[in-house]
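K.L.:
Structure below; questions to follow.
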Amino acid sequence: MKNETLVNKKKIVIVGGGAGGLELATRLGKKLGKKQRAEITLVDAQNTHFWKPLLHEVAAGSLNAFEDELSYLAQAKWNHFRFIPGKMESINRANKSIGLSPILDGNGQQVVPARTLSYDQLVIAVGSTANDFNTPGAREHCLFLDNRQQAERIHTTLINHYLHAQASGNDASKLRIAIIGAGATGVELAAELHFAAIELARYGLDAIKPEHLEVTIIEGGERILPALPVRISSSVHKQLNKMGIRVMTQQLVSEIQAGGVTTRDGEFIESDLRIWAAGIKAPEFLSQMDGLKTNRINQLIVRPTLQTTLDDQIYSMGDCASCTLTDSKNESITIPPRAQAAHQQASLLAKSLIAQANGAAPLEFNYKDYGSLISLSRFSAVGNLMGAITGDMMIEGTLAKWFYISLYRMHQMTLFGKLRTGTLILKDLISRTTRPQLKLH
């Protein structure tokens, strides 16, 4: 009987170990994997997980990614699912299988051959990448902030500029950084870079004075943070100005060159370092996945149950999914690509898949917008909280900063539980006394 149960276990495969995918694997592992009711498998191209909303801190050096990364193998062991490294390259819906591309080492030598993985239910949660809108020169002359490796490349490039200036002996050295895009990523990165300039000077890399770090944010829309309420956008704009950060709105970028950025109005903005933070799209390979319907930015179109439109056994969530719901006013709303949406979808999908294992129908997703928060490094935070009690309340300063920090702690609690998260918080507090305020290498 035991062997028969093992053979007949439902196979649930989750592709993508971002915030939503890893939370879903952890929840299902605890509820179904632990009880041998299903075989839960997580697939990701990387070996470790890092919370994407903190990548701007890694780029500036405010956070050391090595201290906050989580091994997928370890999380799998602790939570009764299995982890398979690999990148999905195909789906065969008829055979209910996915193809994983070979894994190569740094020299291009094959480490792991191409593989096929079968499933009964498949969840695609591969996140998003930057959308450069095919802007000429963007790929050649910009750095991006899609993953940890790219964030660390930005940080290394930043440090190298400071080391070069220090070695030159020129106390009047300048560093000009252009950030294309004034969404949350671009704005938060600009503030972190301002903080980094102050800290680098404190630690002796003072050839580039903090006031000589010239950060320019270039936004095509009428205001920064276009997805947030106007009052928040205006407050953040004022604080950026106080930091000496130049903000340019209604400036569409037409071309990126080695020495700067050209706008459609013909203005050329000189820069030593260019970072693209405008727009997102789902990975392009999703548009070629055995006929599954996608939109113009490659997102899989899903129903309120998070099932894809053509296959009930394939689900998608997070940034790579386009889910349109009907709100209380009978108006259609498309779920925004935010961490809170991925968190809520992971929670719903875990309950839905568990319910289906018990013979129930899939559950429908109901999105609740709890507001948005923008971190301005150590200086401040601004945002709004939305709820039945608070209504739509704007907060800023220390209170907003605490709420902002709590978002990451909530993610950790989902993965580790309250006790281990408390231990991690204590570890972080202690480590502040034994390490510099900024990663210096």
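Just so you know, all these numbers are worked out from the coordinates, no wet-lab data involved. Predicted, not measured: the structure shown is a model, and the values here were computed from it. Cβ coordinates were reconstructed from backbone atoms using ideal geometry, including for glycine residues, and neighbour counts include every protein chain displayed.
K.L.:
Would you list, by chain and number, the lysines whose Cα falls below 16 Å from the Cα of residue 96, excluding same-chain residues fewer than 8 positions away?
P.N.:
9, 10, 11
K.L.:
From zero up to wherever the largest Cα-Cα distance of the chain sits, split into 20 Å bins and tell me the percent of pairs in each.
P.N.:
Going from the shortest bin to the longest, the percentages are 23, 56, 20, 1.
K.L.:
If you don't mind, there's one more thing I want to ask. Would you mind computing, in nm to one decimal, how far apart the modelled labels at residue 94 and residue 230 are, each placed 7 Å from Cα along Cα→Cβ?
P.N.:
So the two model labels end up 5.7 nm from each other.
K.L.:
OK, next. Considering amide H positions built from the backbone, and no H for Pro or chain starts, which residues 5 or more places from residue 39, or on another chain, come under 5 Å of its amide H?
P.N.:
So residue 39 has HN proximity to 10, 11, 12.
K.L.:
Write down the Å³ per residue value for the convex hull defined by the alpha carbon atoms of the range 371-431. Let's see the in-between values first.
P.N.:
Details: hull volume 5.9 nm³, N = 61.
Hull volume over Cα atoms, normalised by residue count, gives 96 Å³.
K.L.:
With charges only on Cβ, +1 for K and R and -1 for D and E, what is the dipole size of the chain about its Cα centre, in debye, rounded to 20?
P.N.:
1760 debye
K.L.:
Mind checking the full-extension length gain between residue 398 and residue 34? Use 0.36 nm per residue of separation minus the Cα-Cα distance, one decimal, nm.
P.N.:
Details: separation 364, 0.36 × 364 = 131.04 nm, distance 4.10 nm.
Going from the current span to full extension adds 126.9 nm.
K.L.:
Positive end of the dipole of the chain, charges at C-beta (+1 Lys, Arg; -1 Asp, Glu), about the Cα centre: which of 380, 157, 205 has its Cα farthest in that direction?
P.N.:
Value: 380.
K.L.:
Relative contact order of the range 371-431: what whole-number percent is it, with Cα pairs under 8 angstrom and at least 6 residues apart?
P.N.:
On the way: 60 pairs, mean separation 14.0, N = 61.
For the range 371-431, the relative contact order is 23 percent.
K.L.:
While we're here: Build a GNM of the chain with springs between Cα atoms under 10 Å: which of 383, 17, 99 gets the top mean-square fluctuation?
P.N.:
99
K.L.:
Holding the Cα-Cα limit at 26 Å, pick out from 35/77; 52/174; 329/418; 35/418; 34/401 the pairs that are longer than that. Intermediate values should be presented prior to the final figure.
P.N.:
Working: 35/77 14 Å; 52/174 30 Å; 329/418 37 Å; 35/418 22 Å; 34/401 37 Å.
52/174; 329/418; 34/401, as the Cα separations exceed 26 Å there.
K.L.:
How big is D, in µm² s⁻¹, for the range 138-279 by Stokes-Einstein at 20 °C and 1.002 mPa s if Rh is the Kirkwood radius over C-alpha pairs?
P.N.:
Numbers: Rh = 15.4 Å.
Taking Rh from Cα pairs, D becomes 139 µm²/s.
K.L.:
Please give, to one decimal in nm, the separation of the simple spin-label points placed at residue 351 and residue 69, each 7 Å out from Cα toward the Cβ.
P.N.:
About 3.5 nm, to one decimal.
K.L.:
For an R0 of 30 angstrom, estimate the FRET efficiency from the Cβ-Cβ distance between residue 202 and residue 423 and round to the nearest 0.05. Please list the in-between numbers first.
P.N.:
Working: r = 30 Å, r/R0 = 1.01.
FRET efficiency, residue 202 to residue 423: 0.50.
K.L.:
Of the options 357, 243, 294, report the single residue whose Cα projects farthest towards the positive end of the charge dipole of the chain (beta-carbon charges: Lys, Arg +1; Asp, Glu -1).
P.N.:
The Cα lying farthest towards the positive end belongs to 357.
K.L.:
Now for a separate question. Could you tell me what fraction of 2.2 N^0.38 Å the Cα radius of gyration of the range 120-172 comes to, as a two-decimal ratio?
P.N.:
Details: Rg = 17.6 Å, N = 53, 2.2 N^0.38 = 9.9 Å.
Rounded to two decimals, the normalised Rg is 1.77.
K.L.:
Work out from phi, with θ = phi - 60° and the Karplus expression 6.51 cos²θ - 1.76 cosθ + 1.60, the ³J(HN,Hα) of each residue of the range 345-361, listed in order in whole Hz, and give x for Gly and Pro.
P.N.:
After applying 6.51 cos²θ - 1.76 cosθ + 1.60, I find 5, 5, 5, 5, 5, 4, 5, 5, 5, 5, 4, 5, 5, 9, x, 8, 7 Hz.
K.L.:
Using the Cα centre as the reference, give the magnitude of the dipole from point charges on the C-beta atoms of the range 138-279 (Lys, Arg: +1; Asp, Glu: -1; all else neutral), rounded to the nearest 20 debye.
P.N.:
On the way: 14 positive and 17 negative charges, 59 e Å.
That gives a dipole near 280 debye.
K.L.:
On to the next question. Between residue 432 and residue 290, 0.36 nm times their residue separation minus their Cα-Cα distance comes to what? List each step's numbers first, then the result.
P.N.:
Values: separation 142, 0.36 × 142 = 51.12 nm, distance 4.96 nm.
This chain segment gains 46.2 nm when fully extended.
K.L.:
Continuing with the same structure: By the gyration tensor of its Cα atoms, with a ≥ b ≥ c the square roots of the eigenvalues, what is the shape of the range 1-136: rounded for a/c under 1.5, prolate for a/b over b/c, or oblate?
P.N.:
Prolate is the answer for the range 1-136, as a/c is 1.5 or above and a/b outweighs b/c.
K.L.:
What 222 nm value per residue comes from the helices of the chain, counting each DSSP H run with n ≥ 4 as -39,500 (n - 2.57) and dividing by all residues, nearest 500 deg cm²/dmol? Could the numbers behind the result be given before it?
P.N.:
Working: 12 runs with 143 residues, N = 441.
It comes out at -10000 deg cm²/dmol, rounded to the nearest 500.
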